[in-house]
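Comments concern the structure below.
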Amino acid sequence: MTAKTPTTHETFMRRALELAAKGRGRTSPNPMVGAVLVKHGRVVGEGYHPKAGAPHAEIYALRQAGEQARGATLYVTLEPCCHHGRTPPCTQALIAAGVAEVHMAMLDPNPRVAGRGRAELETAGIRTTVGTCEAEARALNEVFVHWITTGRPFVVAKFAMSLDGKIATHTGDARWISGHAARRHVHELRDRVDAILVGAGTVLADDPRLTTRLDREDVRHPLRIVLDSRGRVPLSARLFDPALPGHTLVATTPAIPDEHVRALQARNVQVLVLPPDPQGRVDVAALLETLGRQEITHLLVEGGSQVLGTFVDLGLVDKFVVFIAPLIIGGAEAPQPVGGRGAERIADALRLERLQWQSVGPDIMVTGYPARNDGQGEPNPNSP
(Lines give C-alpha, C1' and ligand atoms only; values in the text may rest on other atoms or scores of the structure.)
Protein backbone atom coordinates (compact mmCIF):
# COMPACT_ATOMS: atom_id res chain seq x y z
CA MET A 1 0.00 0.00 0.00
CA THR A 2 1.42 3.37 -0.98
CA ALA A 3 1.39 6.22 1.51
CA LYS A 4 -1.18 8.92 0.91
CA THR A 5 0.36 12.14 -0.36
CA PRO A 6 -0.69 14.98 1.93
CA THR A 7 -2.70 17.77 0.37
CA THR A 8 -1.57 21.39 0.54
CA HIS A 9 -4.24 21.98 3.18
CA GLU A 10 -2.90 19.08 5.28
CA THR A 11 0.66 20.33 4.96
CA PHE A 12 -0.18 23.78 6.31
CA MET A 13 -2.46 22.36 9.02
CA ARG A 14 0.26 19.98 10.19
CA ARG A 15 2.56 22.95 10.51
CA ALA A 16 -0.11 24.61 12.66
CA LEU A 17 -0.31 21.47 14.81
CA GLU A 18 3.47 21.48 15.18
CA LEU A 19 3.32 25.07 16.38
CA ALA A 20 0.45 24.32 18.77
CA ALA A 21 2.47 21.58 20.47
CA LYS A 22 5.04 24.17 21.55
CA GLY A 23 2.56 25.24 24.23
CA ARG A 24 2.31 21.75 25.75
CA GLY A 25 1.98 21.89 29.52
CA ARG A 26 1.77 25.70 29.61
CA THR A 27 -1.66 26.71 28.29
CA SER A 28 -3.99 25.18 30.91
CA PRO A 29 -6.90 25.74 31.28
CA ASN A 30 -6.80 26.80 27.64
CA PRO A 31 -6.18 24.43 24.72
CA MET A 32 -3.01 24.30 22.66
CA VAL A 33 -3.57 26.17 19.39
CA GLY A 34 -1.38 26.87 16.38
CA ALA A 35 -2.08 29.12 13.40
CA VAL A 36 -0.52 29.61 9.95
CA LEU A 37 -1.43 32.42 7.54
CA VAL A 38 -0.81 31.66 3.86
CA LYS A 39 -0.98 33.99 0.85
CA HIS A 40 -0.28 32.94 -2.74
CA GLY A 41 1.03 29.60 -1.44
CA ARG A 42 3.56 31.21 0.91
CA VAL A 43 3.50 31.41 4.71
CA VAL A 44 3.24 35.05 5.77
CA GLY A 45 2.50 34.60 9.47
CA GLU A 46 2.68 31.98 12.18
CA GLY A 47 1.85 31.76 15.84
CA TYR A 48 0.87 29.58 18.77
CA HIS A 49 -0.76 30.13 22.16
CA PRO A 50 2.09 30.08 24.72
CA LYS A 51 0.16 30.31 27.98
CA ALA A 52 -3.20 31.28 29.48
CA GLY A 53 -3.61 35.04 29.47
CA ALA A 54 -1.26 35.55 26.52
CA PRO A 55 -2.59 36.37 23.03
CA HIS A 56 -4.02 33.47 21.04
CA ALA A 57 -2.27 31.83 18.12
CA GLU A 58 -4.26 33.76 15.52
CA ILE A 59 -3.15 37.11 16.98
CA TYR A 60 0.53 36.23 16.77
CA ALA A 61 0.08 35.08 13.16
CA LEU A 62 -1.77 38.31 12.26
CA ARG A 63 0.92 40.44 13.88
CA GLN A 64 3.64 38.67 11.93
CA ALA A 65 1.74 38.93 8.66
CA GLY A 66 0.82 42.61 8.98
CA GLU A 67 -0.86 43.94 5.82
CA GLN A 68 -0.23 40.62 4.08
CA ALA A 69 -3.04 39.12 6.15
CA ARG A 70 -5.59 40.83 3.91
CA GLY A 71 -6.90 38.21 1.47
CA ALA A 72 -4.84 35.44 3.12
CA THR A 73 -5.94 31.95 4.18
CA LEU A 74 -5.67 30.94 7.83
CA TYR A 75 -4.99 27.38 8.98
CA VAL A 76 -5.82 27.01 12.67
CA THR A 77 -6.01 23.90 14.83
CA LEU A 78 -9.14 25.00 16.71
CA GLU A 79 -12.13 27.17 15.88
CA PRO A 80 -11.30 30.82 16.66
CA CYS A 81 -12.91 32.15 19.82
CA CYS A 82 -15.80 34.61 19.57
CA HIS A 83 -16.11 35.70 23.21
CA HIS A 84 -14.26 37.91 25.65
CA GLY A 85 -12.31 35.76 28.10
CA ARG A 86 -8.78 36.45 29.28
CA THR A 87 -8.25 37.97 25.81
CA PRO A 88 -10.51 39.63 23.17
CA PRO A 89 -12.26 37.45 20.55
CA CYS A 90 -10.06 36.27 17.69
CA THR A 91 -12.95 36.27 15.22
CA GLN A 92 -13.16 40.07 15.28
CA ALA A 93 -9.39 40.38 14.78
CA LEU A 94 -9.55 38.07 11.74
CA ILE A 95 -12.48 40.01 10.26
CA ALA A 96 -10.73 43.35 10.82
CA ALA A 97 -7.53 42.05 9.21
CA GLY A 98 -9.40 41.04 6.04
CA VAL A 99 -8.59 37.33 6.13
CA ALA A 100 -10.40 35.67 3.22
CA GLU A 101 -10.59 32.03 4.26
CA VAL A 102 -10.21 29.98 7.46
CA HIS A 103 -9.49 26.25 7.65
CA MET A 104 -10.15 24.82 11.13
CA ALA A 105 -9.01 21.38 12.19
CA MET A 106 -11.96 21.11 14.60
CA LEU A 107 -14.74 23.12 16.17
CA ASP A 108 -14.23 24.27 19.73
CA PRO A 109 -16.08 21.98 22.21
CA ASN A 110 -16.31 24.90 24.64
CA PRO A 111 -20.07 25.66 24.88
CA ARG A 112 -19.24 29.38 24.70
CA VAL A 113 -17.90 28.83 21.17
CA ALA A 114 -19.11 25.50 19.70
CA GLY A 115 -19.68 26.68 16.12
CA ARG A 116 -20.43 30.31 16.96
CA GLY A 117 -16.94 31.39 15.96
CA ARG A 118 -17.32 29.78 12.55
CA ALA A 119 -20.78 31.31 12.09
CA GLU A 120 -19.46 34.77 12.94
CA LEU A 121 -16.69 34.46 10.35
CA GLU A 122 -19.11 33.27 7.66
CA THR A 123 -21.54 36.10 8.43
CA ALA A 124 -18.66 38.48 7.73
CA GLY A 125 -18.09 36.83 4.33
CA ILE A 126 -15.08 34.69 5.31
CA ARG A 127 -15.10 31.20 3.78
CA THR A 128 -14.58 28.39 6.30
CA THR A 129 -13.93 24.66 6.31
CA VAL A 130 -13.65 22.22 9.21
CA GLY A 131 -12.01 18.81 9.47
CA THR A 132 -8.50 18.93 8.04
CA CYS A 133 -6.32 16.83 10.40
CA GLU A 134 -9.21 16.70 12.90
CA ALA A 135 -8.10 13.41 14.51
CA GLU A 136 -4.62 14.81 15.16
CA ALA A 137 -6.08 18.02 16.58
CA ARG A 138 -8.37 16.12 18.96
CA ALA A 139 -5.50 13.92 20.12
CA LEU A 140 -3.34 16.97 20.75
CA ASN A 141 -6.01 18.56 22.95
CA GLU A 142 -7.43 15.42 24.57
CA VAL A 143 -6.99 17.01 28.00
CA PHE A 144 -8.86 20.21 27.15
CA VAL A 145 -11.65 18.40 25.28
CA HIS A 146 -12.24 16.11 28.27
CA TRP A 147 -12.21 18.89 30.86
CA ILE A 148 -14.41 21.33 28.94
CA THR A 149 -17.03 18.66 28.19
CA THR A 150 -17.09 16.80 31.54
CA GLY A 151 -15.99 19.42 34.06
CA ARG A 152 -13.42 16.95 35.46
CA PRO A 153 -9.67 16.82 34.95
CA PHE A 154 -8.22 14.34 32.47
CA VAL A 155 -6.77 11.60 34.70
CA VAL A 156 -3.53 9.83 33.79
CA ALA A 157 -2.65 6.80 35.93
CA LYS A 158 1.08 6.14 36.04
CA PHE A 159 2.94 3.25 37.61
CA ALA A 160 6.15 1.26 37.20
CA MET A 161 6.31 -2.47 37.71
CA SER A 162 8.54 -5.47 37.18
CA LEU A 163 7.98 -7.99 34.42
CA ASP A 164 6.06 -10.15 36.89
CA GLY A 165 3.78 -7.30 37.93
CA LYS A 166 5.32 -6.17 41.23
CA ILE A 167 5.88 -2.59 42.39
CA ALA A 168 8.15 -3.47 45.32
CA THR A 169 9.72 -6.44 47.07
CA HIS A 170 7.91 -8.19 49.94
CA THR A 171 9.97 -6.01 52.33
CA GLY A 172 8.65 -2.84 50.69
CA ASP A 173 11.82 -1.87 48.82
CA ALA A 174 10.81 -0.08 45.60
CA ARG A 175 13.90 1.96 44.60
CA TRP A 176 14.42 1.79 41.78
CA ILE A 177 12.26 -0.51 39.67
CA SER A 178 12.46 1.65 36.58
CA GLY A 179 15.68 3.04 35.13
CA HIS A 180 17.02 6.58 34.90
CA ALA A 181 15.48 7.27 31.47
CA ALA A 182 12.02 6.21 32.67
CA ARG A 183 12.29 8.35 35.78
CA ARG A 184 13.25 11.34 33.65
CA HIS A 185 10.20 10.71 31.48
CA VAL A 186 8.03 10.81 34.62
CA HIS A 187 9.44 14.24 35.46
CA GLU A 188 8.60 15.35 31.91
CA LEU A 189 5.04 14.15 32.58
CA ARG A 190 4.96 16.16 35.80
CA ASP A 191 6.13 19.21 33.86
CA ARG A 192 3.00 18.98 31.67
CA VAL A 193 0.23 18.34 34.20
CA ASP A 194 -1.64 20.65 36.56
CA ALA A 195 -1.55 18.35 39.59
CA ILE A 196 -0.06 15.09 40.94
CA LEU A 197 -1.97 12.85 43.33
CA VAL A 198 -0.82 10.17 45.77
CA GLY A 199 -2.29 8.47 48.80
CA ALA A 200 -1.22 8.85 52.42
CA GLY A 201 0.32 5.37 52.29
CA THR A 202 2.75 6.41 49.57
CA VAL A 203 3.82 9.46 51.56
CA LEU A 204 4.30 7.40 54.71
CA ALA A 205 6.32 4.75 52.86
CA ASP A 206 8.44 6.90 50.51
CA ASP A 207 8.31 10.49 51.85
CA PRO A 208 8.36 11.89 48.29
CA ARG A 209 8.75 15.54 47.33
CA LEU A 210 6.60 15.25 44.18
CA THR A 211 8.47 18.08 42.52
CA THR A 212 9.62 18.30 38.90
CA ARG A 213 13.35 17.75 38.55
CA LEU A 214 14.60 18.59 35.07
CA ASP A 215 17.70 20.43 33.88
CA ARG A 216 15.72 23.41 32.62
CA GLU A 217 14.90 26.86 33.93
CA ASP A 218 11.22 26.86 32.93
CA VAL A 219 10.29 23.82 35.01
CA ARG A 220 6.69 23.59 36.16
CA HIS A 221 5.89 22.24 39.64
CA PRO A 222 2.27 21.04 39.57
CA LEU A 223 -0.02 21.11 42.56
CA ARG A 224 0.77 18.21 44.92
CA ILE A 225 -2.37 16.44 46.20
CA VAL A 226 -2.38 13.92 49.05
CA LEU A 227 -5.42 11.80 49.90
CA ASP A 228 -5.36 11.63 53.70
CA SER A 229 -8.80 10.95 55.14
CA ARG A 230 -7.76 10.98 58.81
CA GLY A 231 -4.62 13.14 58.91
CA ARG A 232 -2.13 10.27 59.14
CA VAL A 233 0.69 12.00 57.27
CA PRO A 234 3.02 13.70 59.77
CA LEU A 235 3.83 17.39 59.54
CA SER A 236 7.48 16.42 59.03
CA ALA A 237 6.71 14.98 55.56
CA ARG A 238 8.93 16.58 52.93
CA LEU A 239 6.04 17.72 50.75
CA PHE A 240 4.81 19.90 53.63
CA ASP A 241 8.08 21.84 53.68
CA PRO A 242 7.19 25.53 53.04
CA ALA A 243 10.49 25.94 51.17
CA LEU A 244 9.46 23.39 48.53
CA PRO A 245 8.58 24.96 45.16
CA GLY A 246 4.93 24.83 44.17
CA HIS A 247 1.92 24.16 46.39
CA THR A 248 0.46 21.22 48.32
CA LEU A 249 -3.17 20.29 48.95
CA VAL A 250 -4.43 17.69 51.42
CA ALA A 251 -7.78 16.19 50.42
CA THR A 252 -9.40 14.82 53.54
CA THR A 253 -12.67 14.13 55.37
CA PRO A 254 -14.30 15.51 58.52
CA ALA A 255 -12.42 12.78 60.43
CA ILE A 256 -9.20 14.83 60.33
CA PRO A 257 -8.38 16.46 63.70
CA ASP A 258 -8.88 20.23 63.77
CA GLU A 259 -5.44 20.82 65.23
CA HIS A 260 -3.84 18.95 62.33
CA VAL A 261 -5.72 21.14 59.86
CA ARG A 262 -4.47 24.29 61.60
CA ALA A 263 -0.90 22.99 61.62
CA LEU A 264 -1.03 22.21 57.90
CA GLN A 265 -2.46 25.61 57.09
CA ALA A 266 0.34 27.22 59.09
CA ARG A 267 2.71 25.57 56.59
CA ASN A 268 0.76 27.08 53.65
CA VAL A 269 -0.81 23.70 52.85
CA GLN A 270 -4.35 23.94 51.45
CA VAL A 271 -6.79 21.60 53.20
CA LEU A 272 -9.87 20.46 51.30
CA VAL A 273 -12.48 18.66 53.42
CA LEU A 274 -14.76 16.43 51.34
CA PRO A 275 -17.53 13.97 52.20
CA PRO A 276 -16.24 10.44 52.80
CA ASP A 277 -17.04 7.52 50.53
CA PRO A 278 -18.81 4.43 51.99
CA GLN A 279 -15.43 3.16 53.28
CA GLY A 280 -14.69 6.43 55.06
CA ARG A 281 -12.04 7.48 52.56
CA VAL A 282 -11.94 10.65 50.49
CA ASP A 283 -14.61 10.59 47.78
CA VAL A 284 -12.34 10.87 44.72
CA ALA A 285 -15.25 11.52 42.35
CA ALA A 286 -16.21 14.56 44.44
CA LEU A 287 -12.55 15.57 44.48
CA LEU A 288 -12.35 15.52 40.68
CA GLU A 289 -15.46 17.68 40.42
CA THR A 290 -13.91 20.20 42.80
CA LEU A 291 -10.57 20.22 40.99
CA GLY A 292 -12.35 20.73 37.68
CA ARG A 293 -14.09 23.82 39.02
CA GLN A 294 -10.68 25.11 40.11
CA GLU A 295 -9.46 24.78 36.49
CA ILE A 296 -7.27 21.77 37.20
CA THR A 297 -7.53 20.13 33.78
CA HIS A 298 -4.78 17.48 33.86
CA LEU A 299 -4.18 15.16 36.83
CA LEU A 300 -1.38 12.59 37.19
CA VAL A 301 -2.22 9.82 39.66
CA GLU A 302 1.00 8.19 40.87
CA GLY A 303 -0.33 5.79 43.49
CA GLY A 304 -0.25 3.80 45.60
CA SER A 305 -1.97 0.55 44.87
CA GLN A 306 -5.20 1.26 46.75
CA VAL A 307 -5.53 4.74 45.25
CA LEU A 308 -5.00 3.45 41.71
CA GLY A 309 -7.47 0.65 42.40
CA THR A 310 -10.11 3.11 43.55
CA PHE A 311 -9.74 5.23 40.41
CA VAL A 312 -9.91 2.12 38.22
CA ASP A 313 -12.91 0.66 40.07
CA LEU A 314 -14.82 3.93 39.63
CA GLY A 315 -13.92 4.26 35.96
CA LEU A 316 -12.13 7.56 36.53
CA VAL A 317 -8.89 6.87 34.64
CA ASP A 318 -8.70 8.38 31.14
CA LYS A 319 -5.22 7.21 30.18
CA PHE A 320 -2.59 4.79 31.50
CA VAL A 321 1.17 5.23 31.35
CA VAL A 322 2.93 2.07 32.53
CA PHE A 323 6.66 1.40 32.75
CA ILE A 324 7.68 -2.26 32.65
CA ALA A 325 11.18 -3.03 33.90
CA PRO A 326 13.13 -6.18 32.88
CA LEU A 327 13.08 -7.50 36.44
CA ILE A 328 11.58 -10.56 38.12
CA ILE A 329 10.91 -9.74 41.77
CA GLY A 330 8.77 -12.68 42.85
CA GLY A 331 7.22 -13.15 46.27
CA ALA A 332 3.60 -13.91 47.01
CA GLU A 333 3.44 -10.94 49.39
CA ALA A 334 5.12 -8.44 47.07
CA PRO A 335 2.66 -5.64 46.27
CA GLN A 336 1.00 -5.17 42.89
CA PRO A 337 0.33 -1.84 41.18
CA VAL A 338 -3.49 -1.78 41.14
CA GLY A 339 -5.51 -2.79 44.18
CA GLY A 340 -9.15 -2.04 44.82
CA ARG A 341 -12.07 -4.35 44.21
CA GLY A 342 -11.03 -5.44 40.72
CA ALA A 343 -12.95 -7.46 38.16
CA GLU A 344 -14.78 -10.66 39.04
CA ARG A 345 -14.59 -12.04 35.49
CA ILE A 346 -12.04 -11.61 32.72
CA ALA A 347 -14.90 -10.33 30.57
CA ASP A 348 -15.30 -7.49 33.09
CA ALA A 349 -11.61 -6.57 33.13
CA LEU A 350 -10.69 -3.08 32.00
CA ARG A 351 -9.35 -3.38 28.47
CA LEU A 352 -7.10 -0.79 26.89
CA GLU A 353 -7.14 0.43 23.32
CA ARG A 354 -5.03 2.73 21.17
CA LEU A 355 -1.94 1.13 22.68
CA GLN A 356 1.54 2.46 22.08
CA TRP A 357 4.81 0.77 23.05
CA GLN A 358 8.08 2.62 23.41
CA SER A 359 11.55 1.70 24.70
CA VAL A 360 12.69 4.09 27.43
CA GLY A 361 16.22 3.04 28.35
CA PRO A 362 16.04 -0.61 29.46
CA ASP A 363 12.32 -0.31 30.22
CA ILE A 364 9.19 -0.47 28.06
CA MET A 365 6.62 2.30 28.33
CA VAL A 366 3.06 1.30 27.45
CA THR A 367 0.36 3.93 27.02
CA GLY A 368 -3.29 3.17 26.41
CA TYR A 369 -6.84 4.34 26.93
CA PRO A 370 -9.72 2.50 28.63
CA ALA A 371 -11.94 0.96 25.97
CA ARG A 372 -15.56 2.04 25.88
CA ASN A 373 -17.30 -1.32 26.23
CA ASP A 374 -20.52 -2.29 24.51
CA GLY A 375 -21.74 -4.33 27.48
CA GLN A 376 -20.56 -7.65 26.04
CA GLY A 377 -16.97 -7.46 27.29
CA GLU A 378 -15.68 -6.30 23.90
CA PRO A 379 -14.41 -2.82 23.03
CA ASN A 380 -16.81 -0.71 21.05
CA PRO A 381 -15.19 -0.02 17.66
CA ASN A 382 -17.13 3.24 17.40
CA SER A 383 -15.72 4.65 20.64
CA PRO A 384 -13.77 7.92 20.40
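The values are calculated or read from the model by the stated rules, or taken from the named source; none is laboratory data. In this text, all values refer to a predicted model and were calculated from it rather than measured experimentally. We place every Cβ from the backbone using ideal geometry, glycine too, and count neighbours over all the protein chains shown. We work out accessible area using only protein heavy atoms, side chains counted, and drop any ligands, DNA or RNA first. Shrake-Rupley method; radii C 1.70, N 1.55, O 1.52, S 1.80 Å.
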If the only charges are +1 at each Lys and Arg Cβ and -1 at each Asp and Glu Cβ, what is the size of the charge dipole of the stretch 256-384 around the Cα centre, to the nearest 20 debye? 180 debye
Global size of the stretch 106-187 as Cα Rg and Dmax, reported in angstrom: 21.6, 70
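What is the antiparallel percent of DSSP beta bridges lying wholly in the stretch 232-384, to the nearest 5?
80 percent
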If the chain between E353 and L163 were fully stretched, how many nm would it gain, using 0.36 nm times the residue separation less the Cα-Cα distance? 66.3 nm
Assign unit charges at the C-beta atoms only (+1 for Lys and Arg, -1 for Asp and Glu), then state the dipole size of the chain relative to its Cα centre in Debye, rounded to the nearest 20. 760 debye
Expressed as a whole percentage, what fraction of the accessible surface of the stretch 70-131 belongs to carbon and sulfur atoms when a 1.4 Å probe is rolled over the protein heavy atoms? 51 percent
Using the beta-carbon distance between R230 and A119 and R0 = 41 Å, what value does 1/(1 + (r/R0)^6) give for FRET efficiency, to the nearest 0.05? 0.15
Accessible area of the stretch 246-342 belonging to carbon and sulfur atoms, whole % at 1.4 Å probe: 52 percent
How many angstrom separate the Cα center of the stretch 180-235 from the Cα center of the stretch 83-113? 37 Å
Using the Cα centre of the stretch 24-136 as origin and beta-carbon charges of +1 (Lys, Arg) and -1 (Asp, Glu), tell me which of H49, T73, L94 is placed farthest towards the positive end of the dipole. H49
DSSP-defined antiparallel bridges as percent of all bridges, the chain, nearest 5: 40 percent
Calculated from backbone phi, Karplus (6.51, -1.76, 1.60) coupling profile of the stretch 359-364 in Hz, x at Gly/Pro: 6, 10, x, x, 9, 10
Keeping every protein chain present and rolling a 1.4 Å probe, give me the accessible area per residue for the chain in Å². 49 Å²
Just to check I understand the Karplus step: with θ = phi - 60° and J = 6.51 cos²θ - 1.76 cosθ + 1.60, what whole-Hz values come out for the stretch 24-33, glycine and proline as x? 4, x, 10, 9, 3, x, 7, x, 7, 9
Let me spell out the model: positive unit charges on the Cβ of Lys and Arg, negative unit charges on the Cβ of Asp and Glu, origin at the Cα centre of the stretch 54-155. What dipole size does that give, in debye rounded to 20? 240 debye
